[in-house]
Amino acid sequence: MNLVVLLLTLITMSFVKITSTKKSRLNNIDFANLGFGEIFSDHMLICDFKKGEWGIPEIVPFEPMSMMPSAKIFHYGQSIFEGMKAYKDDKLNTWLFRPEENFNRLNKSAVRLAIPKIPKEIFFDGMTELLKIDNEWIPKTTGCSLYIRPIIFAIGDGFHASPSDEYRFLIATAPSGLYYTKKVKVLIEEKFSRAANGGVGYAKAGGNYAGQFYPTQLAINKGYDQIIWTDDNSHEYIEEAGSMNIFIRIDDKLITAPTSDRILDGVTRKSIIKLAENEGIPVEIRKVKVNQLIDAFNKGSLKEIFGAGTAAVISPISEFGFRKKDYTLPKIKDSYSEKLKKMMTDIQFNRTKDPFGWLYKVC
Ligand code: COI
């Protein structure tokens with residue numbers, strides 16, 4: 001540790017350098033009417049990788065930043081991100097949910113996109129200090145939280161199609177409400193693909209999302225909200241929905257596709273599996289064919305489909321479309337999605353015991 005870092009550590013009890021905003025925007029925010037990721041907190045964390053090493057993380061006001069037009073992020077999309085949330089409990093304590101999972105996945109994505117891994121202390125200390133300085137931005141409104149977006153992108157410049165030699169790690173936050181405000185109507189896609197074996201589907205690469213925009217817009221034009229992707233090879237198997245992993249309930253069994261090169265290893269997905277198993281719900285992690293889904297619908301054994309993700313939490317699907325036909329799911333009383341959503345959010349907001357040690361206290 002050099003002298004500057006040591007001095008900063010002693011002054012702030014952390015090695016994060018802080019420059020506070022001169023004018024907070026907090027009083028202009030309508031916390032009773034929050035959308036998703038539309039307004040941004042006063043500060044952001046930045047930390048640059050230059051000359052082969054990560055520098056000192058800094059908290060600065062959230063404002064535009066200047067970059068070279070030749071920066072590789074613009075040309076080759078070398079960029080990865082995570083989605084996390086900070087929750088306030090009744091006593092106004094601040095919590096994160098399984099942040100270690102996001103840290104590990106960010107570095108897994110980094111390896112795949114030839115980006116240098118971010119050290120643990122920069123990720124955790126940087127995020128902790130940011131959540132402390134912008135603590136008042138964490139909503140206290142029911143169902144709302146502070147969405148956290150850690151991102152690493154190539155800031156080094158050059159038109160050569162090779163990895164950048166400079167990167168920026170940045171964390172921005174946004175007080176947010178629901179990602180989906182109503183039940184979701186999905187289209188099962190058979191032509192376009194989200195990911196392929198050997199590709200980057202398992203990573204949270206920005207380009208994975210950009211590649212979905214056009215087919216999703218075509219689906220929206222037909223009256224759907226979102227696509228359920230099928231495998232790129234046969235288009236027979238249900239994969240994920242891009243913004244969330246997919247769970248299917250047939251009779252009393254809860255089924256989800258195994259993670260693979262093509263499917264994101266969702267933190268919410270693995271938490272649901274654990275919660276459901278703990279409740280005695282039979283869980284099957286296996287491939288499901290679209291025609292098995294239709295068969296189950298026709299027999300009346302298809303009870304529910306829901307999506308799971310950090311932003312989406314657990315979002316029920318009301319209807320799915322396949323080959324120009326729409327299938328409306330039945331309304332049921334003992335819904336797994338409602339039950340599991342309550343169990344999950346009760347843990348996240350520290351309203352109940354946390355039997356798995358998932359919560360991480362920030363302050
Ligand atoms: C998340 O759930 O946090 C994601 O990153 C998905 C994104 C489409 C909002």
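All conditions in (1) part of a strand (DSSP E or B); (2) within 16 Å of the ligand (Cβ to nearest atom) hold for Lys341, with the sole exception of (1). Among the residues of the stretch 217-264, those identified as within 20 Å of the chain's Cα centre (by Cα) and small (Gly, Ala, Ser) are Ala241, Gly242, Ser243, Ala257, Ser260. The set of residues in the stretch 188-233 being within 18 Å of Val290 (Cα to Cα), in contact with a strand residue (DSSP E or B) (Cβ under 9 Å, 6 or more places away or on another chain) and of a type in the set (S, T, N, Q) consists of Ser193, Gln226, Thr230.
Residues of the stretch 296-310 that are in a strand (DSSP E or B) and within 16 Å of the ligand (Cβ to nearest atom): Phe306, Gly307, Ala308, Gly309. (1) over 29 Å from Glu101 (Cβ atoms); (2) open to solvent by less than 10 Å² (accessible area, probe 1.4 Å); (3) touching a helix residue (DSSP H, G or I) at 6+ places or on another chain (Cβ under 6 Å): which one isn't true of Tyr327, the others all being true? Result: Tyr327 passes all but (2). Condition check for Ala196 on (1) within 14 Å of the ligand (Cβ to nearest atom); (2) in a loop (DSSP other than H, G, I, E, B): one failure, at (1). Counting only residues that are within 16 Å of the ligand (Cβ to nearest atom) and either over 30 Å from His160 (Cα atoms) or small (Gly, Ala, Ser) (or both), the stretch 78-99 holds 10 of them.
Residues in the stretch 147-166 that are of a type in the set (A, V, I, L, M), within 16 Å of the ligand (Cβ to nearest atom) and surrounded by 23 or more Cβ atoms within 10 Å (Cβ to Cβ): Ile148, Ile152. Residues of the stretch 32-54 that are of a type outside the set (Val, Ile, Thr), away from the ligand (no atom under 16 Å from the Cβ) and crowded, with 16+ Cβ neighbours inside 10 Å: Ser41, Asp42, His43, Met44, Leu45, Cys47, Asp48, Phe49, Trp54. So is Phe169 crowded, with 22+ Cβ neighbours inside 10 Å and touching a Lys or Arg at 6+ places or on another chain (Cβ under 7 Å) or not? No.
The values are calculated or read from the model by the stated rules, or taken from the named source; none is laboratory data. Being a predicted model, the structure only gives us computed values, none of them experimental. All Cβ positions, even for glycine, are placed from backbone atoms using ideal geometry, and neighbour counts span all protein chains on display. What goes into the accessible areas is simple: the full protein's heavy atoms, side chains included, and nothing from ligands, DNA or RNA. Shrake-Rupley method; radii C 1.70, N 1.55, O 1.52, S 1.80 Å.
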